[in-house]
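Here's the structure, in structure tokens; my notes come after.
The values are calculated or read from the model by the stated rules, or taken from the named source; none is laboratory data. If you're wondering where the values come from, they're calculated on a predicted model, not measured in any experiment. Note that we place each Cβ from the backbone using ideal geometry, even for glycine, and neighbour counts take in every protein chain shown. All accessible areas refer to the heavy atoms of the entire protein, side chains included, with ligands and DNA or RNA removed. Shrake-Rupley method; radii C 1.70, N 1.55, O 1.52, S 1.80 Å.
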Amino acid sequence: ERPETELPSVMAALGNGDPVTVKHKLNGYLGLVSTQGSGELRCYSKAGPSLYADEFERLLIEHLTSVGKVDEFTDWLQRKRVTLSFEVLSPADPHIVSDGLGVVLLDALANAERMVILDKVADEAAELFGFRRPKTEVISGEKEVLAAIEAARASDTEGAVFRNNATGYMVKVKSDSYSSWKRLRSSLNNAIDKDRKSLHSVNVEPREDEERALLNDITRKVGFVLTQFLTVTVAGSLTVDIPRLRAALESE
């Protein structure tokens with residue numbers, strides 16, 4: 001999406017022989033937990049304190065309660081002076097790829113101005129508190145890195161996160177199927193939003209039959225998408241004609 005994340009730039013940063021960690025990218029949202037002041041847990045999403053952060057805290061406490069280690073976790077986090085990052089998989093926040101539910105531990109980050117990832121501390125947290133971890137491998141060299149990038153793009157997951165362990169350089173590689181479905185979702189949501197704005201353009205509450213008509217129209221468009229724009233290839237995978245789909249939805 002940017003010049004520094006085009007393949008030649010990525011290969012220059014990752015394919016130089018340094019050890020590279022490849023981590024499966026789960027399809028959720030980011031949760032961060034640390035302790036402040038007297039040692040009370042503080043949970044955040046990328047937006048800071050938010051409803052997403054509240055849901056992350058609920059799922060985190062639910063897990064720690066199930067293993068009977070809420071207080072022990074808080075004390076450990078205070079002693080280590082780190083922030084733990086998680087992928088949050090909530091039933092209230094469905095995503096394109098299903099990776100289960102709960103909180104998945106990603107990294108331990110030193111509480112410092114410069115980002116320092118502490119792999120051994122994250123391993124310790126996972127062992128002590130029973131956190132699930134994403135599938136991870138360490139590779140090295142141009143050939144292995146290129147093969148891993150191609151595998152991430154061809155997968156049926158969201159993709160993978162690559163990190164040069166020596167320099168700290170990180171890049172996310174999205175799978176082709178995930179990117180296609182995300183574009184498809186955006187096009188469909190735009191069409192639905194256009195209908196909702198049209199329905200609510202007058203200053204009266206929509207009648208029940210108007211709401212039902214809107215839902216029926218949305219259902220029709222979803223069916224139209226499924227029948228007209230999804231093609232099963234010889235290999236058994238799905239392909240989406242995004243430009244034709246977008247044009248059709250806009251015409252609707």
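Under a point spin-label approximation (7 Å from Cα along Cα-to-Cβ), what is the Glu142-Ala112 distance to one decimal in nm?
3.3 nm
Which whole-Hz ³J(HN,Hα) couplings does the stretch 23-28 yield from phi under the Karplus relation 6.51 cos²θ - 1.76 cosθ + 1.60, θ = phi - 60°, glycine and proline marked x?
So the Karplus estimates, Gly and Pro as x, are 10, 4, 8, 6, 9, x Hz.
Got a number for the accessible area of Arg58? Probe 1.4 Å, square angstrom, nearest 10.
110 Å²
Compute the separation of the alpha-carbon centres of the stretch 122-145 and the stretch 33-97 and state it in Å as a whole number.
That distance is 20 Å.
State the percentage of accessible surface on the stretch 20-120 attributable to carbon and sulfur atoms; use a 1.4 Å probe and exclude ligands, DNA and RNA.
52 percent
In whole Hz, with x marking every Gly and Pro, tabulate ³J(HN,Hα) for the stretch 82-90 from phi via Karplus 6.51 cos²θ - 1.76 cosθ + 1.60, θ = phi - 60°.
10, 10, 9, 9, 10, 8, 9, 10, 10
Protein chains only, probe 1.4 Å: how do Tyr29, Tyr169 rank by accessible area, largest first?
Output order, biggest surface exposure first: Tyr169, Tyr29.
For the stretch 123-137, take each phi angle, set θ = phi - 60°, evaluate the Karplus expression 6.51 cos²θ - 1.76 cosθ + 1.60, and give the result in whole Hz per residue in order, putting x for glycine and proline.
4, 5, 4, 5, 5, 5, 10, x, 6, 5, 10, x, 4, 9, 9
If each residue of separation counts as 0.36 nm, what is the full-extension length gain between Asp119 and Ser66 once their alpha-carbon separation is subtracted?
16.6 nm
Which value, in Å² and to the nearest 10, is the accessible area of Met170 when all protein chains are kept and the probe is 1.4 Å?
80 Å²
Can you give the accessible area of Thr35 in Å² (nearest 10), computed on protein heavy atoms with a 1.4 Å probe?
20 Å²
For Val22, Val138, Val67, give me the order by solvent-accessible area with a 1.4 Å probe, most accessible first, ignoring ligands, DNA and RNA.
Descending accessible area places them as Val138, Val67, Val22.
Name the long-range amide H neighbours of Ser50: under 5 Å, sequence gap of 5 or more, or other chain; modelled H, no Pro or chain starts.
Ser45
Say the cut-off is 19 Å between C-alpha atoms; which of Lys23/Lys80; Lys69/Lys135; Lys135/Lys174 go over it?
Lys23/Lys80; Lys69/Lys135
When only Cα pairs under 8 Å and 6 or more residues apart are kept, what is the percent relative contact order across the stretch 2-149?
So the answer I get is 32 percent.
Once fully extended, how much extra length lies between Ala92 and Asn27, figured as 0.36 nm per residue of separation less the alpha-carbon to alpha-carbon distance?
Contour length minus the Cα-Cα distance gives 22.1 nm.
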